[in-house]
Amino acid sequence: MRARVVWRSKEEGGRATPPLGEGAPPYATIVRFLDINEPWPQDVVWTLVVEKIESSTDGREWLANVRFLVPHAPAEALRADRAFELYEGAKCVAAGVLLPS
């Protein structure tokens, strides 16, 4: 599935620079879907793989392919127009939205 991802700057509490987002190993981190009304962090979290297709000139906004790291993850969770955040530990480093096919 494709997604639009915006990386938060260090001043916004995110990363000093966005990850490379291409090549091996792919960038993968914890995803939080914003439409779930549960405390964070949840008891069960999933790892999202984010592979950059293209980026803005400053590199902070990406069009990317996304998928869960493991095959038994809930594939139905990846649906169009769903907003999410990416976490590295307790730090939210990016926000995004899943795009229609």
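Quick note: the coordinates plus some simple rules give every number you see, no bench work behind them. No experiment lies behind these values; they were computed from the predicted model shown. Don't worry about glycine lacking a Cβ; one is built from the backbone with ideal geometry, like all the others, and counts go over all protein chains shown.
Note down the nm distance, to one decimal, between modelled labels 7 Å out along Cα→Cβ at Val70 and at Thr57.
Result: 4.3 nm between the two label points.
Subtracting the Cα-Cα distance from 0.36 nm times the residue separation, let me have the gained length for Ala77 to Arg2 in nm, one decimal.
25.7 nm
Gaussian network model of the chain, Cα springs within a sub-10 Å range: biggest mean-square fluctuation belongs to which of Thr29, Thr17, Thr57?
Thr57
I want to verify the translational diffusion coefficient of the chain in µm²/s; compute it with Stokes-Einstein, Rh as the Kirkwood radius over Cα pairs, at 4 °C and 1.567 mPa s.
Working: Rh = 13.7 Å.
Result for D is 94 µm²/s.
Might you report the magnitude of the Cβ-based charge dipole of the chain about its Cα centre, with Lys and Arg at +1 and Asp and Glu at -1, to the nearest 20 debye? If you can, show how the numbers build up before the last one.
Numbers: 12 positive and 14 negative charges, 24 e Å.
Roughly 120 debye for the chain.
Determine the relative contact order of the chain: mean sequence separation of Cα pairs under 8 Å and six or more apart, normalised by residue count, in whole percent.
Relative contact order, the chain: 39 percent.
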